Amino acid sequence: MSLPKQTMITEVGPRDGLQNEKQPVPAATKIDLCRRLVEAGIRNLEATSFVSPKWVPQMADAPEVMAGIPRPQGVRVSVLTPNMKGFEGALASRADEAVIFPAASEAFSQRNLNCSIAESVERFTPVARAAQESGMRLRAVISVAFGCPYQGDVPISSVVDVVSRMRDLGADEIGIADTIGVGTAEQVKRVIEAAAKVYPIEQISGHFHDTYGQALTNIYACLQVGVARFDSSIAGLGGCPYAKGATGNVATEDVVYLLHGLGIETGLDLDKLVDAGQWISAFLGRKSHSRVGNALAAKRAAAEQAT
Ligand code: HMG
Ligand code: MG
């Protein structure tokens, strides 16, 4: 079995992570977090969402965040765009990538986007066209691909159907997401292998929430079938406001530790990621959800005490 030699990490903490915080997080803090992530080597940064502020108040400051974050060459900044209004925000803020996010279940589509899957594809169609016309990269992330909080099981055929629709819209990358973190390794392989029959595996990414503690195992399962792109969230921040009880994404620090241990390149500086994760967790007044982050921070503290 050969694993990919390089991987691409998309850091989604500032968006997927902070969208779910109960306490308000000032734009300045979000900007500072993005700066720290870029300094740690993050080259794919999902910074914010241009969604309805009534639906997700934490992302209402998207224009301010986009105006304040560092934009060095080589850093691709992406934003969520559920419709043309969202895309206009993406364009005005010079985002590099628009992210559309259909669901694999009708029930979740209604809760998250207030419309059916077919209606969401209709709304995404002009977004896809506008992104292509303006030279913006287009990524699609398919929610609840391994289980839905409202419907329960999600047939693989439903996931493959949405993958095909996103391929037909011209998506440059398609993420397969475990919104509520229920998937297990063999299931993940089956879903990815089915998706790879209709869309190139090189352009598929994995997006795993860690609610049931399966995310790292599922990432390893993905690597075994050739997936080399993953979304992760610093300090394991996050969840989805429309998936109650779902915890954060797999922590970036934990994914990087796994990948480096496997000899897979990420281009990321684990120590700086740990700093960023500990910093934002301290700001939020809680312990980081990254096991690696906490272990390395404790090791450092012990070493400092010993000197
Ligand atoms: P709607 O209420 O059906 O929209 O919501 P509407 O078109 O009827 O418009 C209603 C109002 O919203 C209008 O304002 C619009 O202008 C405004 P009013 O006239 O009442 O003052 N509006 C907007 N404002 C700002 N930006 C926009 C926008 N669009 C409309 N883009 C809508 C439909 C899609 C807008 C809404 O359902 C929505 O914003 N949903 C987003 C929900 C969301 O962000 N969820 C979390 C992200 S997805 C996620 O976390 C999953 C993921 O991580 C993968 C995984 O883990 O599964 C990606
Ligand atoms: Mg998510």
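Quick check on the exposure proxy: order His209, His289, His260 from fewest to most C-beta atoms within 10 angstrom.
His260, His289, His209
Just add up the charged neighbours of Thr211: K/R +1, D/E -1, any other residue whose Cβ is under 12 Å from the Cβ of Thr211. Around Thr211, the charge tally is -1. Fully extending the segment from Trp55 to Ala185, taken as 0.36 nm per residue of separation minus the present Cα-Cα distance, adds 43.5 nm.
Along its principal axes, segment 238-282 has C-alpha extents of 36, 24, 13 angstrom, given from the largest down.
Computed over the chain, the per-residue total of -39500 (n - 2.57) for DSSP H runs of n ≥ 4 gives a 222 nm mean residue ellipticity of -13000 deg cm²/dmol, rounded to 500.
Farthest towards the positive end of the charge dipole of the chain, among the residues Ala118, Val12, Ala177, is the Cα of Val12, using unit charges on the Cβ of Lys, Arg, Asp and Glu. Across Pro63, Pro200, Pro72, mean-square fluctuation computed from a Gaussian network of the chain (C-alpha pairs under 10 Å connected) peaks at Pro72.
Once the C-beta distance of Thr307 and Phe283 is scaled by a Förster radius of 45 Å, the resulting FRET efficiency is 0.95 to the nearest 0.05.
On full extension, the segment bounded by Ala295 and Asp172 gains 40.6 nm, given 0.36 nm per residue less the C-alpha separation. What whole number of Å gives the distance from the Cα centroid of segment 177-220 to the Cα centroid of segment 50-80? Between the Cα centres of segment 50-80 and segment 177-220 lies a distance of 26 Å.
Quick check on my link table: of Lys5/Lys197; Lys22/Lys299; Lys30/Lys54; Lys22/Lys85; Lys22/Lys287, which ones sit more than 27 Å apart, alpha carbon to alpha carbon?
Numbers: Lys5/Lys197 22 Å; Lys22/Lys299 31 Å; Lys30/Lys54 20 Å; Lys22/Lys85 25 Å; Lys22/Lys287 16 Å.
Correct reply: Lys22/Lys299.
For segment 8-306, the orientation-averaged shadow of the C-alpha convex hull comes to 14.2 nm² (one quarter of the hull surface). Between the C-alpha center of segment 226-301 and that of segment 7-29 there is a gap of 12 Å.
Arranged from fewest to most other beta-carbon atoms within 10 Å of their beta carbon, Leu270, Leu262 become Leu262, Leu270.
Projected label points at Gln73 and Lys22, each 7 Å from Cα along the beta carbon direction, are separated by 4.7 nanometres.
Counting other beta carbons within 10 Å of each residue's own, what order do Met84, Met166, Met59 fall into, fewest first?
Neighbour counts put them in this order, fewest first: Met84, Met59, Met166.
Using a cutoff of 8 angstrom between alpha carbon atoms and counting only pairs six or more residues apart, the relative contact order for the chain works out to 20 percent. Once the chain from Lys272 to Glu64 is taken as fully extended at 0.36 nm per residue, the excess over their C-alpha distance is 72.4 nm.
We did not get these values from a lab; they are worked out from the coordinates using the rules stated. Note that the coordinates shown come from a computational prediction; the quantities given were computed from them, not determined experimentally. Glycine also receives a Cβ, built like all others from the backbone with ideal geometry; neighbour counts cover every protein chain displayed.
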